[in-house]
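**Q** Pasting a structure below so you can have a look.
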Amino acid sequence: MKILAIETSCDDTCIALIKASGKTRPCFKILSNIVSSQVKIHKKWGGVYPFLAKREHQKNLPMVLRKALKGAKLLLEKVDLIAVTVGPGLEPCLWVGINFAKDLAKKSNLKIVPVNHIEAHIYANFLNYAAGSRNLFPAICLVVSGGHTQLILMRDFGNYKILGETRDDAAGECFDKVARILGLGYPGGPIISKLAKKINYRGSTSIKFEFVRDRISINLPRPMIHQKNYDFSFSGLKTAVLYNFRNQSPKIRKSKKYIREMCAEAQQVVIDVLIHKTLKAAKEYNVKSIILGGGVVANDELRKQFKSKIKKEIPNSLFLIPDSKFCTDNAAMVAIAAYFHWLKDATVWQKIEAKANLRI
Ligand code: KG4
Ligand code: ZN
């Protein structure tokens, strides 16, 4: 079956066309996957401005649809099902995608599957990994993005329990704010990751010769790392960076060495906390797999360190992580989640409406 999926929960206007098949071992082929980024527009504000994002989605969707159909060499009449993100996310932005999906559904007499954005981030993993080929459950899922940081116990497809989440800023939001403090631009995550790579820290091998002697001298606290719960807190990290930055002389603040060290340390704080809590939950619930998703999971250092820690501490568990391209927002993951819902129940359809604070 061919699924057309729409994702407009934040600042990316995304449409994907996916061919889905199989019941016990669902398989997916991407026919097209268009992501129209609004980064240039939101850069000025250092974050996403919801009503500007809404306007851009309205403007972009018809063009993104044309590109997606052309890329897939498909006519709208050949689509079998429509999927759309209904939450969580920015309400005005969600409504643009939902109304667009409703128009298409009406025109083509198709059904719509409402999709939870967090669930879609998890299901991005099943693009390349045939779910059903091995028992994955119970699984621990960590979803880390610009809007969310959640640790979820997944007992089956569609069966979730949130074990913990951030009490304030999401990890990606923290990266974005740290980058703003350091004057690095938006979105912060990829910039911080790039600059951190230029420092030799924690035995990293990806060093440039001239920085071999540069060891990290900044030491920031790891928030909530030893607390007996699965919650997170990242707003203190942003404040710690701000105080450290303010205490430096104008010359140091502008130095490449300081900025790179700060990026590496802030990134390492986030990685340490995420790995510690995820592995703790994985051991407590004796899980068969650890599944990651969300924009922050595109971080190379995080991917590398998670992989080696899991191999060392829980070698029998399966570790799933999407290709970097499918960690950040896209509509392919929305189509995959929709297919799993459709397999479970192809007859019952809920009311399609935006739910900004939708829980998994
Ligand atoms: O999942 P996503 O695309 O959108 C939301 O659902 O929020 O995540 C976006 C977040 C941003 O905060 C961005 O800074 C962060 O993911 N991000 C990264 C990287 N690429 C994107 N963070 C760290 N390292 C990266 N390579
Ligand atoms: Zn997302």
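**Q** Can you sort ASP300, ASP156, ASP329 so the residue with the fewest Cβ neighbours within 10 Å comes first?
**A** If I rank by nearby Cβ atoms, fewest first, I get ASP156, ASP300, ASP329.
**Q** Distance cut-off 28 Å, Cα to Cα: go down the list LYS2/LYS280; LYS161/LYS311; LYS238/LYS351 and report the pairs above it.
**A** The pairs that break the limit, which is 28 Å between Cα atoms, are LYS2/LYS280; LYS238/LYS351.
**Q** Still on this structure, please answer the following. Just how far, in whole angstrom, is region 291-360 from region 18-95 if you go by their alpha carbon centroids?
**A** The two parts, judged by their Cα centres, are 17 Å apart.
**Q** Can I ask one more? If amide H atoms are built 1.01 Å from N in the plane of the peptide, which residues on other chains or at least 5 residues away come under 5 Å of the amide H of ASP169?
**A** For ASP169, whose amide H was placed from the backbone, the distant partners under 5 Å are PHE234, SER235.
**Q** Okay, next question. Mind checking the angle between helix 256-284 and the chain's longest principal axis? C-alpha axes, 0 to 90 degrees, to the nearest 10.
**A** Roughly 60 degrees, rounded to the nearest 10.
**Q** On to the next question. For TYR230, TYR339, which order do you get if you count the other beta carbons within 10 Å of each Cβ and list the fewest first? Could the numbers behind the result be given before it?
**A** Numbers: TYR230 21, TYR339 26.
Neighbour counts put them in this order, fewest first: TYR230, TYR339.
**Q** I want the local charge near GLY158. Using Cβ-Cβ distances under 14 Å, sum +1 for each Lys or Arg and -1 for each Asp or Glu among the other residues. Write down the numbers at each step before the final one.
**A** Working: positive: ARG155, LYS161, LYS344, ARG359; negative: GLU119, ASP156, ASP345.
Every neighbour counted, the sum reads +1.
**Q** Hey, fewest Cβ within 10 Å first, where do GLU119, GLU301 land in order?
**A** GLU301, GLU119
**Q** Can you tell me which of ALA298, ALA346, ALA266 moves the most in a GNM of the chain? Springs connect C-alpha atoms under 10 Å apart.
**A** Most flexible of the set in this elastic network: ALA346.
**Q** Checking the table LYS254/LYS283; LYS40/LYS197; LYS59/LYS355; LYS59/LYS111; LYS70/LYS197 against a 32 Å threshold on Cα-Cα, which pairs fail?
**A** Long pairs (Cα-Cα over 32 Å): LYS254/LYS283; LYS70/LYS197.
**Q** When the convex hull of the Cα atoms of the chain is projected onto a plane and the area is averaged over all directions, what value comes out in nm²?
**A** 18.0
**Q** May I ask for the angle, rounded to the nearest 10°, between helix 235-246 and the longest principal axis of the chain, with both axes built from Cα atoms and the value confined to 0 to 90°?
**A** 40
**Q** Using a Cα-Cα cut-off of under 18 Å, which lysines could be cross-linked to LYS44, ignoring same-chain neighbours fewer than 8 residues away?
**A** Result set, ordered by chain and number: LYS54, LYS177.
**Q** Here is a follow-up. Taking the 0 to 90 degree range and rounding to the nearest ten, how far is the long axis of helix 91-108 tilted relative to the main principal axis of the chain, both from C-alpha atoms?
**A** The helix 91-108 is inclined about 30 degrees to the chain.
No lab work stands behind these numbers, since they all come straight from the coordinates. Every value quoted in this text rests on a predicted model; they were computed, and no experiment measured them. Because the Cβ atoms are built from the backbone with ideal geometry, glycine has one as well, and the counts that use them run over all protein chains shown.
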